[in-house]
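A.B. asks: One structure, as C-alpha cells, below. Some questions next.
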Amino acid sequence: MARYILRRCLDAAVLLVVTLGVTFVLVQLAPGDPSSRYIGGDIDPAAAARIRRNLGLDDPVPVQFVRWSASVARGDFGRSFVTGLPVRDSLATALPRTLWLTGVAFLVQILAGLLLGVPAAGRSGLAARVPTVIALVFYSLPAFCLAYLLIGVFSLHLGWLPIGGLETPGAGTSSLIDRMRHLILPAGTLALSGAAGWARYARGAVSDVLSEHHITALRARGAGPGLIRWKHGLRGALPQLITLAGVSVPYLIGGAVVVEKVFAWPGIGSLVVDAIAARDYPVVLAVNLIAAMAVVIASLAVDLSCGWLDPRTILASDPADGVAGRGSGQ
Amino acid sequence: MSGPMHHMGAFVPGMSSAGRRGASAVFSVAFWVVFVVLAGHARDLTGLAVADRWADVLLGITLAAGSLVLARAGGDAGGPGRMVRRFAASRAAVAGLAVVVGVLCAAILAPLIASHDPLAIVDPVHTRFLVPSADHPLGTDRLGRDNLARLLYGGRYSLGISITAVMISIAIAVVAGLGAALARGWVDRIVMRLADGLMAFPRQLFVLTLVAFFSPSVGTLIVAIAATSWMRVARLVRAEAARLRGTDFVSAARAAGLSPVRVAWRHILPNVAGPVVVAASLNAGGVILLETYLSFLGLGVAPPKPSWGAMVFEAREALSTAWWVALWPALAITVCVIAFNMMGDGLRDAFDVRLPHPSGTESSSIAAGGERG
C-alpha cells in the first residue's frame, strides 16, 4: 500500500511538472515578452539589453523555467496585461464562484444519476434503454443549447428565474435566496449534461455487482432487495463510480467555461473567455494551469481512494510496463 | 480485433489483401478530392479555405496521410464481411451511418440544394425573422438571410473542420503511438508523459487557449482541435502495438530484414486497425461539439460565415420572439453528434474493441474514459 501511494504521488508529481512545462512553452510562445512593458519606442539598445538582463530574460531557458515554476508555486502568476493587477487577485475573486457553481452541479448530477440509475440496475427492457437514450441525447446537446432552452422556458416564458448573473444588481446586501435563484439555471445546465451519463453508468456498474456471487448469497440469506441494491450493490460499484467522478472533473471545468459565459456568471470561465478575447496571456495561462492541477489532483485522489477501497487495484496496477498503466487516471 | 493470425494474409505473398486495401485508400482519397474540389467551387464559403496556399497544400498532404492511415487500418482487420455483418446487425449503427452520410452529402452539395445565398442580406428590415415558408423553408435570421442555406453551408464548416481535425489527430496519434511502442526507452516515456500531461488540461479550455495564441481562423481551429485530440488514441495505438511487438509474425518480419518503418506500416498498423477506426468515429462527435463551442464563443469560424455554433450565438437575442432560428442549428449539432456516436458504437461492437463511450458507459474500461468535447 505504501509503495502504491508513493508511486501514485510520484506519477502525479511528474504529471504536474509536465503540465508546468506545457504551460511554460505557451508562456514562451506568447507574443510580447515581459520586458516590452518597460521597453517602449526608441530606447537605447544597451539600456534595453540591461533591462532584459535584469529581468533574467538572458538566462538559459531551464533556469527561467525553474524560476518561473518557483514563482507559480508561490501563487504568483504575474500581472494581467489588461488591468495591470496581479492575476492572483482576479483568481481569488473568481475561483470561489466557480467552485460554488461546479460543486453544486457535481453533487446534483451524482445524486440525480444515482437515484435514476441504481433502481434500474439489474433490470432490462425500458429501464435499461431509456437512460441510455437520454444520456446520448444530453451528451450530444451542446451545453449552450441546453442553457438557452432552460432560459427560454424558465426565464423568458415562465418568468420564474433570472436570466443570469451572480445576484440581482442593486439589491443591496444580497440575500441567500436571491443567490440560490441565480444559481439554479447555470448549475442545472451543468448537472443535466452529466446526470444522464451518471445514471447510465451507475446502472451498468451496479448491475455488474448484482450479478456477483456474494449478492446471490445475501439474497439466499433473505436480505431485502432495497438493502441489497442500495447498500451492497452501491458499495461494490463504488470504485467505478469514484473513477467516473474523477473523469468528470475536466468535463465540469470545460462545461463551466461555456455555461458561465452564457449566464454571465463571473467565475473563472467568464474570466478566461474575456481574457482570451483580450489576448491577456498571463490570465489565460494561470487558469489553464489551475485547471490542469485540479485534474491531476482529482485523478490522484481517485487512484488513492480506489486503492483503499479495492486492494485488487493495487495489485493490478503494478505491471512491469509502468507507463502503460492507468496513467493520469482520466 | 481478430488477432494477428488474420494478418498472415498480408504477410504471405499471394494471399495479400493489398488490392482491397488499395481500393479503400483510393476511395477515401477520392472523398477528400471531391470535398476539396467542391470547396474550391465557393472558396470563401468552404470548410477548407485556409488563409494561404501553402497551408492548403500542407492540409491536403496531411489529409491524404490521414486517409491513407485510415484506409490502411480499415482495409484489414480480418474478414471484413464479418465486420460488415456485425455492423449491419445493429439498427442504431446503420441509422447513425445513414444520418452521417446524409448530412455529409447535404453539406457537400450545399451549393446545389440551397436556393439562397447564405451571406446575402437582401432586406434586413422587412425579411428578418420570417417564419418558415415555401420560399424560406426554415425561415430567415436576424439579418434576413435564409436559414436553410446557412444551415447547409454551416455544415460544410462544422463537418469540414471536425473531420479534418479528426483525420489529422489520427495521423498524429498513429505516428506517436507506433513510434513510442517501437522506439521504447526514453522516446516512449517522453511521448506518453506528454500525452498524459496534455490530457490533464480540460479540452474545451485548452483549445480556446491555443486558438487565442494564434489568430482565430479555420486553419488555427483545425490545428488546435487536432493538437488536443490525439492523446487518447495514441495511448490506444501504443498499447496495441506494444502487445504486437512481441508476436511471432512481427519477429519473423524483422528477421526477414524489413526496416522498422516497414514493419510498423505493413505488419503492425493493419492490426491496430479496429481501435483506430472506432476511436476516429467516436472522436468525431466530441470534435463537432468542440467546434461548435469555439464558434459559439466567437473564436471559431468568423461571422458572417455560417457555422452551427455561431448561428446559435447569433440567434440568442431573439430567443423569446423567433426561437426557431436557434432551433435549427441546435438540432443539426445534436443529430449529427448522436449519429456519429451511434455509428461509433456500432463500429466498436463490430470490431470488438473495448473502448469507453464518451457519455460514460461501458463499465471496466472507464478508466481510459471519454472526455466531452
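Coordinate-derived values only; no laboratory data. It should be emphasised that the depicted structure is a prediction, and the values quoted were computed from it without experimental measurement. FYI the Cβ positions are ideal-geometry reconstructions off the backbone, even for glycines, and counts take in every protein chain you see.
A.B. asks: Count, for each residue of A:245-255, the Cβ atoms from other chains sitting within 10 Å of its Cβ, then give me the mean as a whole number.
C.D. replies: Details: counts 0, 3, 9, 4, 2, 11, 10, 2, 5, 13, 4.
Average per residue, whole number: 6.
A.B. asks: Continuing with the same structure: Among A:Val209, A:Val17, A:Gln109, flag the residue with its Cα farthest along the positive direction of the charge dipole of chain A, charges on Cβ as +1 for Lys/Arg and -1 for Asp/Glu.
C.D. replies: Final value for the positive-end residue is A:Val209.
A.B. asks: Which of A:Ser80, A:Ser71, A:Ser270 ends up with the largest GNM mean-square fluctuation for chain A, with Cα atoms connected below 10 Å?
C.D. replies: Checking each option, the largest mean-square fluctuation is seen for A:Ser71.
A.B. asks: What residues qualify as long-range amide H neighbours of B:Gly298, i.e. H under 5 Å apart, gap of 5 or more or another chain, H built at 1.01 Å from N?
C.D. replies: none
A.B. asks: Once amide H atoms are placed 1.01 Å from N in the peptide plane, what residues at a sequence separation of 5 or more from A:Leu161, or on another chain, have their amide H within under 5 Å of its amide H?
C.D. replies: A:Ser155
A.B. asks: Which value, in debye to the nearest 20, gives the size of the charge dipole of chain A about its Cα centre, when Lys and Arg are +1 and Asp and Glu are -1 at the Cβ? Present the calculation step by step, with values, prior to reporting the outcome.
C.D. replies: Details: 27 positive and 19 negative charges, 217 e Å.
Using Cβ point charges on Lys, Arg, Asp and Glu, chain A gives about 1040 debye.
A.B. asks: I need to check one value: relative contact order of chain A, counting alpha carbon pairs closer than 8 Å and at least 6 residues apart, in percent. Could you put the intermediate results ahead of the total?
C.D. replies: Working: 342 pairs, mean separation 85.0, N = 330.
The normalised contact order for chain A reaches 26 percent.
A.B. asks: Amide H to amide H under 5 Å from A:Arg79: which residues, 5+ apart in sequence or cross-chain, H placed 1.01 Å off N in plane?
C.D. replies: So A:Arg79 has HN proximity to A:Val87.
A.B. asks: Which one of A:Ala120, A:Ala49, A:Ala286 has the biggest mean-square fluctuation once chain A is modelled by GNM with Cα springs under 10 Å?
C.D. replies: Between A:Ala120, A:Ala49, A:Ala286, it is A:Ala49 that shows the largest mean-square fluctuation.
A.B. asks: Using a 10 angstrom Cβ neighbour count of at most 12 plus a DSSP loop assignment to flag exposed trypsin sites (Lys or Arg not before Pro), which longest range of chain A is free of such sites? Present the calculation step by step, with values, prior to reporting the outcome.
C.D. replies: Working: sites that count: A:Arg74, A:Arg123, A:Arg221.
Looking at chain A, A:222-330 is the longest stretch - no exposed trypsin sites (Lys or Arg not before Pro) with at most 12 other Cβ atoms within 10 Å.
A.B. asks: Can I ask one more? If you count, for each residue, the other Cβ atoms within 10 Å and average over each peptide, how do A:189-199, B:94-104 line up from highest to lowest? Don't skip to the answer; put the middle values down first.
C.D. replies: On the way: A:189-199: 25.8, B:94-104: 16.9.
In descending order of packing, they fall as A:189-199, B:94-104.
A.B. asks: Taking springs between alpha-carbon atoms closer than 10 angstrom, which of A:Ala13, A:Ala73, A:Ala112 fluctuates most in the Gaussian network model of chain A?
C.D. replies: Fluctuation is largest for A:Ala73.
A.B. asks: Let me ask something additional. Which helices, counted as full DSSP H runs in chain A, have an axial Cα extent of no less than 24 Å and a Kyte-Doolittle average of -0.5 or above?
C.D. replies: A:2-29, A:87-120, A:176-210, A:234-262, A:281-309
A.B. asks: Taking each residue in B:207-216, count the Cβ atoms of any other chain within 10 Å of its Cβ, then average. What number comes out?
C.D. replies: 5
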